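A.B. asks: First, the structure itself, so that you have it in front of you.
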Amino acid sequence: MTSVDPASAAAAPGAVSAKRADTQQIHYHQLDSGAQLRTGSGKGTRVARGRLRIDTPTATRKLGGTRYEQATWNSPWVEPGFSFTELIASWSAVTPGNSFVEVRVRGRNAEGRRSSWDLMARWARSDTFLKRTTKAGQADDLADVNVDTWRAPAGMTSYQLRVTLARKAGTNRNPGIDTIGAVVSRLPDTAPATSKPGPGRGIVLDVPRYSQMIHEGDYPQWNGGGQAWCSPTSTSMVLGYYDSLPGPKAYSWVPAGHTDPWVDYAARMTFDYDYDGAGNWPFNTAYAAPRVGHGFVTRLRSLREAEQFIKAGIPLVASISFGDGQLTGAPIGGTAGHLLVISGFTEDGDVVVNDPAGRTSSAVRRTYDRAQLERAWLNGSGGVVYVIHDAAHPLPPSRHGNW
């Protein structure tokens, strides 16, 4: 996937609004290819075969009793064309052996003032050596961190990402970044009117059905399954769709005969030890991306935009919230945060989903009213989705350019 500049489709260069947006303002930008990664500036890093790696370490540090050597890289400044109040970073990385990556962000406001560098993630594929984590708070200047979301209430006009690559000192196992990006947004207080059905009508993708509820009580150290595992269960359904689930060797620690053991594995591999949960959005796409090819977090403006992905053969994991009675046919009465898979649309435009809250796999497939689900999604998370896809399913063209 190439780097895109969504602002070009929505605003003239330099056009910045300091007021609360009346419409959804969304901008996703990523660096993917070797040429794109080389536009950043590194200290002790190199780009080879499309991947950012350590070349010559420039510093050492001690973490959890282990000494690591590291190198850093900064992205170019990104200007979305409007004053944004939230940022969600996502990445695809490899962390062999005892190595890890850190992702930080800083912003610049309309007066030119810069924030400090805030830590968004300390991440490794496995938890063998490092407990992957975020760092909530950090409200020291212009912004703060809420798990996976960087918030700047007064607005920022540009941002920079920083990647730190670290490995155990004295080893040659080399962590690397394949893709790094972020979605920024300024959203209205309420969702827009229900979108009209579009190009996804009548298309339903054959996404396998896994229930989070059958895992209730599994592995208390990773939140014990059940209602806590909607995100890794949804991510696993999408990986199953691409035939990219982990093999038995990966989850050999799960007892033989356990139903859908790849869900237990995904919960462990996405668990955020600071947040104390497996629902961290970019941790889920970072887990999925190397398995299938591509994965990132973005926001969409409507189900009509989601339909373009369904037409391209790409299911989406969507983050929703709703109160009792606000989502007819849902297997749970209400939730402050839940993830499910948008698998398709009926001819009338209603939404066919794989809802992992179904008590059994046969109860996972459901159809929700378009207006109700769109409100639960846009009002709940501002339209957050995991976009996970392989080379055989390239991204659809974007009329707005926000992915």
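A short reminder: the numbers here are calculations on the coordinates, not readings from a lab. Owing to the predicted nature of the structure, the values given are computational and were not obtained by experimental measurement. Backbone-built Cβ (ideal geometry, glycine too); neighbour counts: all protein chains shown.
A.B. asks: Determine the gain in length on full extension of the stretch Ala336-Ser33; use 0.36 nm per residue of separation and subtract their C-alpha separation, reporting nm with one decimal.
C.D. replies: 105.4 nm
A.B. asks: Right, something else. Can you pull the percent of Cα pairs in region 7-186 with separation above 19 Å?
C.D. replies: Here the long-distance tail beyond 19 Å is 57 percent of all Cα pairs in region 7-186.
A.B. asks: Using the alpha-carbon centroid of each, what span in Å lies between region 136-177 and region 316-381?
C.D. replies: Using only Cα atoms, the two centres lie 32 Å from each other.
A.B. asks: Here is a follow-up. Percent relative contact order of region 134-212, based on C-alpha pairs within less than 8 angstrom and at least six residues apart?
C.D. replies: Normalised by residue count, the contact order of region 134-212 is 11 percent.
A.B. asks: In addition: So which of Lys62/Lys135; Lys131/Lys168; Lys249/Lys311 end up more than 25 Å apart, counting from Cα to Cα?
C.D. replies: Listed pairs above 25 Å: Lys249/Lys311.
A.B. asks: I would also like to ask the following. Karplus couplings for region 57-66 from phi (6.51 cos²θ - 1.76 cosθ + 1.60, θ = phi - 60°), rounded to Hz, Gly and Pro as x?
C.D. replies: Computed from phi, the couplings for region 57-66 are x, 10, 7, 10, 8, 10, 9, x, x, 10 Hz.
A.B. asks: Now a separate question. Compute the whole-percent fraction of alpha carbon pairs in region 213-389 spaced more than 29 Å apart.
C.D. replies: 14
A.B. asks: While we're on this one: Quick one: Debye curve from the alpha-carbon atoms of the chain only, equal weights, vacuum; give me log10 I(q)/I(0) at q = 0.07, 0.10 Å⁻¹ to two decimals.
C.D. replies: Cα-only, vacuum Debye calculation for the chain: -0.30, -0.63.
A.B. asks: Only counting other Cβ atoms within 10 Å, I'd like Leu395, Leu52 sorted with the fewest neighbours first.
C.D. replies: Leu395, Leu52
A.B. asks: Counting other C-beta atoms within 10 Å, which of Ser343, Ser362, Ser115 has the fewest, and how do the rest follow?
C.D. replies: Fewest to most other Cβ atoms nearby, the residues stand as Ser362, Ser115, Ser343.
A.B. asks: Could you tell me which residue out of Ala228, Pro261, Gly329 lies farthest along the dipole of region 213-389 toward its positive end? Charges go on the beta carbon: Lys and Arg +1, Asp and Glu -1, centred on the Cα centre.
C.D. replies: The residue sitting farthest along the positive end of the dipole is Pro261.
A.B. asks: What aspartates and glutamates could a cross-link reach from Lys196, if we take a straight Cα to Cα line under 13 Å and drop same-chain neighbours fewer than 8 places away?
C.D. replies: Glu305, Glu307, Glu347, Asp348, Asp350, Asp369, Glu374
A.B. asks: To continue, here is another question. For the chain, with the dipole built from +1 on Lys and Arg beta-carbon atoms and -1 on Asp and Glu ones, taken about the Cα centre, which of Pro80, Val101, Asn354 lies farthest toward the positive end?
C.D. replies: Positive-end residue among those listed: Val101.
A.B. asks: For the chain, what does -39500 (n - 2.57) per DSSP helix run (n ≥ 4), summed and divided by total residues, give at 222 nm, in deg cm²/dmol to the nearest 500?
C.D. replies: Computed mean residue ellipticity for the chain: -4500 deg cm²/dmol.
A.B. asks: With only Lys, Arg, Asp and Glu charged, each at its Cβ (+1 for the first two, -1 for the last two), find how big the charge dipole of the chain is about the Cα centre; round to the nearest 20 debye.
C.D. replies: 1360
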